[in-house]
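Worksheet for the structure shown next.
No lab work stands behind these numbers, since they all come straight from the coordinates. This one's a predicted model, so the numbers in the text were calculated from it and none came from an experiment. Glycine also receives a Cβ, built like all others from the backbone with ideal geometry; neighbour counts cover every protein chain displayed.
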Amino acid sequence: MSEDQCSLTVRIVDLLNGRERGSPFGPEEKQLTTAQPDNNDGCDFCFVLGAPAAYSVRGDHYITLFLDPAGSQRALEAGCFQIRCDRPCNPQELVIWADQIMAALCGVFLDVPKIPCIDLADLRVVLHNAKGRSMIARAYQFGTFNTEAKRVLAGQRFQSAFAVLSLREQDFSLELFSQIGSALEQNLDDDALAAVGVNYHQHPSTRLLILSDE
């Protein structure tokens, strides 16, 4: 991922595989020689995978996201948040899930003109509003946003939610975006905070990632 492709600085600390990467999109990586990386440089996104409960990441990071298995709990320092898988999985499945989360979230903030225009501050506010600064990630895939997609959202109640709509750029429409927003709003608590971002990809299917605190 070159600087002209993305305005983000990203750091990925993958303790399951003992490596550190600078992007969820490219092959560049460096081996970690210790459990605690020596790199203290700041970045926008710092993703941490497979960390012990008391793990602390040094550096000036705008958002640090711990990507954890289902049911995980950890004490979170200031500026740190937790995203949990919605189902039990083995380490290999956890890495695949984490890569999907990272690609979707980073894709929202790629330096490409999009409607709506949201930034990292919108995500951070939603994360702060979540109970315990911890959220569950649920992913859905469908041909179009239809009654099936509305059904999977029905019955859920959110205090805080961040949705990522991933689709081909030519398939995006304001009508589709409004449908996503309306479906979320029907499931929000009165004082809830929510935001919807768009991530363009090349897959023929439309995907919806929802980070929520329930």
For residue 115 and residue 87, extending 7 Å from Cα along the Cα-Cβ vector and measuring point to point gives, in nm, a value of 3.6
Sequence-distant residues sharing a close amide H with residue 197 (under 5 Å, placed H): 163, 164, 165
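With a Förster radius of 35 Å, plug the Cβ-Cβ distance of residue 157 and residue 76 into 1/(1 + (r/R0)^6) and report the FRET value to the nearest 0.05. Don't skip to the end; give the middle numbers.
Numbers: r = 23 Å, r/R0 = 0.65.
Efficiency computed from Cβ-Cβ geometry: 0.95.
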Need the full-extension length gain, residue 141 to residue 44, defined as separation in residues times 0.36 nm minus the C-alpha distance. One decimal, nm. 32.1 nm
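Run the numbers for residue 170 and residue 53: contour at 0.36 nm per residue of separation, minus the present Cα-Cα distance, in nm.
Values: separation 117, 0.36 × 117 = 42.12 nm, distance 4.24 nm.
Gain on stretching residue 170 to residue 53: 37.9 nm.
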Pseudo-spin-label distance residue 62 to residue 214, built 7 Å along Cα→Cβ, given in nm, is 3.1
Residue 100 versus residue 178, label points 7 Å from Cα toward the beta carbon: distance in nm? 3.0
